[in-house]
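Trainee: Structure incoming, see below.
Nothing in this text is a laboratory measurement; each read-out follows from the coordinates by a stated rule. Remember, predicted model here, so these are calculated numbers, not experimental data. Positions of Cβ are backbone-derived with ideal geometry, glycine not excepted, and every protein chain shown enters the neighbour counts.
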Amino acid sequence: MLFVELALLLACIVIGARIGGIALGVVSGIGLTIFVFGLGMPPGSPPTVVLGMILAVITALSVMEAAGGLDFLVESAERVLKSNPRRITFLAPFVTYVLIFAAGTQHVIYALLPVIAEVARKAGVRPERPLSMSVIAAQHGLIASPISAVTVALVAGLAGLAVGLPQILMVTIPATLIGVLVGTLVVAWKGKELDQDPEYLKRLADGTVKPPEEKPPLEGLARHRAVGSCTVFLTAVLAVVVIGLFPGLRPVYETVADGVVNTGQVEMGPAIMIIMLAAAGVIMLLFKASPGAAVGGSLMRGGLTAIISILGVSWLGSSFFEGNRAAILDALSSIITAHPWVFAGGLFVLSILLFSQAATIVLLVPVGVALGLPAHLLIGVYPAVNGNFFLPTYGTVLAAVSFDQTGTTKIGKYLLNHSFMIPGLVTTATATAVALLLSSVLIG
């Protein structure tokens with residue numbers, strides 16, 4: 001029966017991922033219904049704290065977007081890239097990394113990709129090099145960000161262990177930066193020079209390469225509101241990092257029950273929710289962010305899609321795990337204990353199927369904790385969750401291909417021989433290896 005249930009679980013994941021959007025969550029709801037009402041399995045539980053934190057962060061981001069803060073972040077990144085066009089291959093991945101790290105979402109890369117493509121083309125640099133590596137850098141900036149959905153999920157998953165946000169950041173930030181550096185060096189001289197590329201020369205001859213569209217800069221009151229909203233949001237991010245690094249700063253409170261006074265401290269999850277909701281409120285009041293624009297913006301739509309997907313697939317996975325806990329732990333414990341890299345492989349493969357680092361962490365980290373894997377190992381293999389690039393169907397991958405008018409960034413005839421495969425594998429493998437080393441020294 002275990003294999004039938006596993007087949008149903010995988011079928012829901014594959015079908016939902018192929019349809020895209022919220023399908024991953026709602027198709028998982030069909031599987032959950034069969035599990036609970038048809039097969040009598042325990043319902044498990046959705047990750048309510050994780051979902052609450054993600055929703056609070058997305059709300060703050062969406063309000064900042066409505067006030068123009070996201071446009072200001074992108075505009076600032078554009079200035080850096082355009083000031084050093086010949087160094088675009090080295091600058092673009094790190095500018096992208098910093099932008100995603102600060103924003104906590106990959107959605108902002110869609111505004112940056114056409115800038116990277118055009119700056120590279122005008123400078124005579126093969127756009128495939130900075131574009132492919134920037135897409136990979138975005139994924140690694142995401143898992144290093146203290147307020148991204150995937151980091152929030154990891155913090156919640158490790159809540160029962162003696163580690164938290166500080167330990168995660170001091171491992172993942174240097175590990176991912178080193179990974180991005182190595183990946184950038186790998187692609188820095190990849191392929192023919194642009195003026196020798198046959199596809200680009202053909203497109204020039206055909207007249208299919210179009211001039212870039214210039215976006216007007218933020219000015220006046222719009223710029224004031226954008227800068228202010230961005231400042232408030234980044235201050236909230238800094239506050240989250242500080243209370244994570246110094247847990248003693250989190251408030252202590254007292255409750256009285258039956259005449260007994262109990263003392264408690266605000267946990268990291270609720271603290272993140274409170275700070276991010278407050279930041280959204282401050283931005284809305286001070287910088288006139290429209291509630292309608294915030295709800296209707298691209299970040300809110302993308303965030304709600306992620307929440308619905310995580311709700312469905314994590315609840316389905318929780319039901320499967322709870323219904324087969326003993327069998328799963330018995331089968332995996334000896335293998336993973338003897339070969340910890342297997343867990344890293346599991347993170348990588350599942351992220352390919354789910355197209356979501358956060359959903360992957362929500363599903364697998366509880367399994368790792370139940371198996372008794374040490375905290376330093378779980379943090380060390382964390383960068384392996386970046387497998388989204390492997391199949392060339394992920395949104396940022398397809399966007400990078402479409403924005404490159406020269407045709408140098410491509411999918412490839414055999415599907416897997418695309419522009420992102422080598423930088424993705426090298427960066428993820430390097431970041432994971434460095435993270436394992438750092439975590440064993442700093443945490444183990």
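Trainee: Along the Cα→Cβ direction, 7 angstrom out, place labels at E193 and F3. What is the inter-label distance in nm?
Mentor: Going from the E193 label point to the F3 one covers 5.8 nm.
Trainee: Less than 13 Å Cβ to Cβ from I328, Lys/Arg counted +1 and Asp/Glu -1: what total charge do the surrounding residues give?
Mentor: Summing Lys and Arg as +1 and Asp and Glu as -1 gives -2.
Trainee: Quick one: net charge around T105, please, counting Lys, Arg +1 and Asp, Glu -1 for every other residue with C-beta under 15 Å from its C-beta. Write down the numbers at each step before the final one.
Mentor: Details: positive: R301; negative: E65, D71.
Result for the neighbourhood of T105: -1.
Trainee: With the alpha-carbon atoms as the only input, what is the per residue convex hull volume for region 222-344 in Å³?
Mentor: In region 222-344, the Cα hull volume divided by residue count equals 235 Å³.
Trainee: Please list, by residue number, everything in region 285-326 whose backbone N is under 12 Å from a paramagnetic label point 7 Å out along Cα→Cβ of A222.
Mentor: none
Trainee: Here's another thing I want to ask about it. Which residue fluctuates the most in the chain, going by a Gaussian network model with Cα springs under 10 Å, if the choices are T172, T96, T408?
Mentor: Among T172, T96, T408, the largest mean-square fluctuation in the Gaussian network model of the chain belongs to T408.
Trainee: Projected area of region 141-183, taken from the Cα convex hull and averaged over every viewing direction, in nm²?
Mentor: Numbers: hull surface 11.4 nm².
Average of the hull's projected areas for region 141-183 equals 2.9 nm².
Trainee: Let me ask something additional. At 25 °C and a viscosity of 0.890 mPa s, what translational diffusion coefficient does Stokes-Einstein give for region 61-129, taking Rh as the Kirkwood radius over Cα pairs? Give it in µm²/s as a whole number.
Mentor: Diffusion coefficient, whole number: 201 µm²/s.
Trainee: What order do you get for L373, L391 when you list them from fewest to most C-beta neighbours inside 10 Å?
Mentor: Ordered by Cβ neighbours within 10 Å, fewest first: L391, L373.
Trainee: When a/c reaches 1.5 or more, the comparison of a/b and b/c decides; with that in mind, is region 223-266 rounded, prolate or oblate per its Cα gyration tensor?
Mentor: In terms of gyration-tensor shape, oblate.
Trainee: Output the direction-averaged projected area (hull surface divided by four) of the convex hull of the alpha-carbon atoms of region 98-195, in nm².
Mentor: For region 98-195, the mean projected area of the Cα convex hull comes to 6.5 nm².
Trainee: While we're here: What ratio of Cα Rg to 2.2 N^0.38 Å holds for region 131-268?
Mentor: 1.66
Trainee: Averaging over every viewing direction, what projected area does the convex hull of the Cα atoms of region 324-444 cover, in nm²?
Mentor: One quarter of the hull surface, i.e. the mean projection, equals 8.5 nm².
Trainee: Then there is this: Suppose we flag GluC sites (Glu not before Pro) only when DSSP calls them loop and at most 10 other Cβ atoms lie within 10 Å. Which is the longest uninterrupted stretch of the chain?
Mentor: 220-444
Trainee: Just want the answer: with Cβ charges of +1 for Lys and Arg and -1 for Asp and Glu, which residue in M41, F90, V80 is farthest toward the dipole's positive end in region 40-171?
Mentor: About the Cα centre, the residue reaching furthest to the positive side is F90.
Trainee: What share of Cα pairs, in percent, lie more than 39 angstrom apart in the chain?
Mentor: Value for the chain (Cα pairs over 39 Å): 21 percent.
Trainee: What dipole magnitude, in Debye to the nearest 20, does the chain give about its Cα centre under +1 on Lys/Arg Cβ and -1 on Asp/Glu Cβ? List each step's numbers first, then the result.
Mentor: Details: 23 positive and 21 negative charges, 199 e Å.
Using Cβ point charges on Lys, Arg, Asp and Glu, the chain gives about 960 debye.
Trainee: If you only keep lysine pairs separated by 8 or more in sequence, or across chains, how many in the chain come under 15 Å at the Cα atoms? Write down the numbers at each step before the final one.
Mentor: Numbers: K82/K122; K82/K215; K122/K210; K190/K410; K192/K202; K192/K410; K202/K210.
Close lysine pairs under the 15 Å cut-off: 7.
Trainee: What whole-number distance in Å separates the alpha-carbon centres of region 126-148 and region 344-419?
Mentor: Centre-to-centre (Cα) distance: 12 Å.
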